Protein chains: 2
Amino acid sequence: MTTLVSGIVLAEIAASIGDVSRANILSALMDGRALTASELAWHANVSAQTASGHLAKLVETSLLAVEKQGRHRYYRLASPEVAHAIEALMAVASAGPKRYRPVGPKDTALRNARTCYDHLAGRLGIAVTDALTSRNYVVLSDSAGAVTEAGHRFLCDMGIDLAEPGHKRALCRTCLDWSERRPHLAGRLGAALCTHMFERGWIERIKDTRALKVTALGKNELKEFFGIEEQIDAGLR
Amino acid sequence: MTTLVSGIVLAEIAASIGDVSRANILSALMDGRALTASELAWHANVSAQTASGHLAKLVETSLLAVEKQGRHRYYRLASPEVAHAIEALMAVASAGPKRYRPVGPKDTALRNARTCYDHLAGRLGIAVTDALTSRNYVVLSDSAGAVTEAGHRFLCDMGIDLAEPGHKRALCRTCLDWSERRPHLAGRLGAALCTHMFERGWIERIKDTRALKVTALGKNELKEFFGIEEQIDAGLR
DNA sequence: CCAACACTTCGGTCGCCGCCGAAACGTTCT
DNA sequence: AGAACGTTTCGGCGGCGACCGAAGTGTTGG
């Protein structure tokens with residue numbers, strides 16, 4: 001009797017994610033990039049036709065957005081909210097009793113360092129978050145935060161400019177890290193830090209996954225700027 | 001080939017939510033209370049046997065926890081993370097093109113004021129959040145926040161004590177409000193405010209739902225303490 | 001001790017959905 | 001124009017799972 005609309009649409013969205021092929025597709029898109037239908041079919045281990053069906057459903061439930069480009073179709077997450085919801089689900093998943101022990105090397109790499117939509121996650125993401133909070137550059141009241149004045153100066157010195165015209169997006173958000181089970185930096189700040197590290201060559205993608213590798217330069221710079229010493233090394237590939 | 005473990009478990013959790021009956025069960029538990037199997041069967045509009053199967057699955061995927069009590073079995077959300085994930089999904093759902101126009105009176109009531117796990121949400125939740133932030137009692141850097149010194153004094157004057165022995169839980173978190181599409185106060189602070197309002201009779205549950213009604217006393221007090229004038233009235237029942 | 005009750009398990013039906021082969025559509029390249 | 005390619009549509013198959021009736025387990029209460 002309490003069959004509210006909300007219940008139906010909640011089920012629809014969740015069911016849309018709740019298929020292994022589609023979950024893999026979404027996971028592959030979690031780094032915020034846009035991939036073609038066939039790339040996604042490969043990621044999901046299914047034929048092109050099957051993937052096409054899944055993609056259509058994901059678009060219909062507004063989890064994905066499409067962009068036509070020549071004979072390709074690029075799919076990407078429809079919004080940061082989608083990425084947020086997926087990470088939240090991952091957090092629940094990893095909280096449960098570890099029923100899937102066989103954590104492969106790929107998972108190890110992901111746990112080490114990865115992108116989460118457009119910012120850093122994993123041990124690296126947490127390390128950066130901790131570095132900024134311990135120096136009072138960012139204040140996080142548990143899962144939330146603000147950038148202090150000192151923080152703005154520090155970021156400015158690093159060459160990161162957070163000023164943005166249409167400040168549509170949040171400056172400093174947090175996102176629950178499913179592997180570390182703690183919040184890491186997201187929002188415009190998180191994205192800016194991540195972009196910065198890519199541009200300066202501190203980090204690189206491992207193959208074409210969300211997993212990241214910290215370069216030799218990156219290790220030096222991370223120590224220099226953030227005092228991060230710990231071995232954040234993929235140790236894979 | 002990128003069939004990571006994470007994809008499988010993500011799908012498993014999402015699929016667990018992705019059934020209308022189970023989604024309704026979870027929705028009914030979103031206020032943080034524990035309900036019996038038959039109550040939940042009623043909420044989901046299915047027979048007791050069917051509900052039992054659903055509940056077993058939800059427990060297996062660690063979305064729900066059970067507590068035996070005599071011949072009853074009380075089910076509740078397994079953790080705040082679960083509530084968080086569901087709210088995140090709701091946010092995605094309400095972001096998509098409004099395909100389900102027929103928003104009934106119950107939805108209206110929910111949008112007005114409701115509990116979200118153990119804190120306030122809907123227009124009321126947002127109003128309280130805004131009141132606290134506009135007076136600098138709480139600093140929210142977009143979706144995150146900390147309680148200021150003035151804020152602590154204010155809350156203390158109100159009779160809310162945030163000191164807690166085992167400070168296991170976060171003091172001030174935020175949670176994305178799916179109806180208002182903005183973050184509202186959660187964490188220990190959010191819970192304390194909600195409890196306080198219940199205890200003093202400012203708010204009451206509408207029937208046995210998550211929806212809330214602001215009492216006449218509540219309206220006065222909300223104006224007194226938070227300067228909230230706007231009509232936050234369920235207008236139902 | 002038996003009836004009432006809350007809940008779960010079992011058995012069987014039915015519908016939905018994920019899958020692929022084949023074919024159609026649209027774009028690009030030569 | 002024709003071939004190659006990326007993508008979608010169609011059709012049919014197979015299996016999972018949601019559902020309920022009936023029966024079983026365990027608890028409460030007279």
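The values are calculated or read from the model by the stated rules, or taken from the named source; none is laboratory data. The model shown is predicted, which means the values in this text are computed figures rather than measured ones. Here the Cβ is made from the backbone with ideal geometry for all residues, glycine too, and neighbour counts use every protein chain on show. The protein model used for the area step is the full one, side chains on, heavy atoms only, and it has no ligands, DNA or RNA in it. Shrake-Rupley method; radii C 1.70, N 1.55, O 1.52, S 1.80 Å.
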I'd like to compare B:151-159, B:21-29, A:79-87: which one has the highest average count of other Cβ atoms within 10 Å, and what's the full order after that? B:21-29, A:79-87, B:151-159
Which of the listed residues, B:T50, B:V9, B:A23, is farthest toward the dipole's positive end in the stretch B:5-78, when Lys, Arg count +1 and Asp, Glu count -1 at the beta-carbon? B:T50
State, to one decimal in nm and shortest first, how far the label point of A:E230 sits from each corresponding label point in the other identical copies (label point: 7 angstrom along Cα-to-Cβ). 4.2
If we sort A:130-136, B:190-196, A:67-73, B:117-123 on the protection proxy, mean other Cβ atoms within 10 Å, highest first, what's the order? B:117-123, B:190-196, A:130-136, A:67-73
Sorted from largest down, what three extents in whole angstroms do the Cα atoms of the stretch B:5-78 have along their principal axes? 39, 22, 22
Any idea of A:E204's accessible area? Nearest 10 Å², probe 1.4 Å. 90 Å²
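Can you give the mean number of other chain Cβ atoms that lie within 10 Å of the Cβ atoms in peptide A:24-30?
4
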Taking the Cβ of A:R135 as the centre, find all other residues whose Cβ is under 13 Å away and add up their charges (Lys, Arg: +1; Asp, Glu: -1). -2
Nm distances between copies for A:S47, ranked from closest, using label points 7 Å along Cα→Cβ: 3.9
Across peptide B:56-62, what mean number of C-beta atoms from other chains lies inside 10 Å of a residue's C-beta? 2
Taking every other residue with Cβ under 12 Å from the Cβ of B:V66 and scoring Lys and Arg +1, Asp and Glu -1, one gets +1
Given label points at 7 Å from Cα along Cα→Cβ, what nm distances, shortest first, separate A:T133 from the same residue in every other copy? 2.0
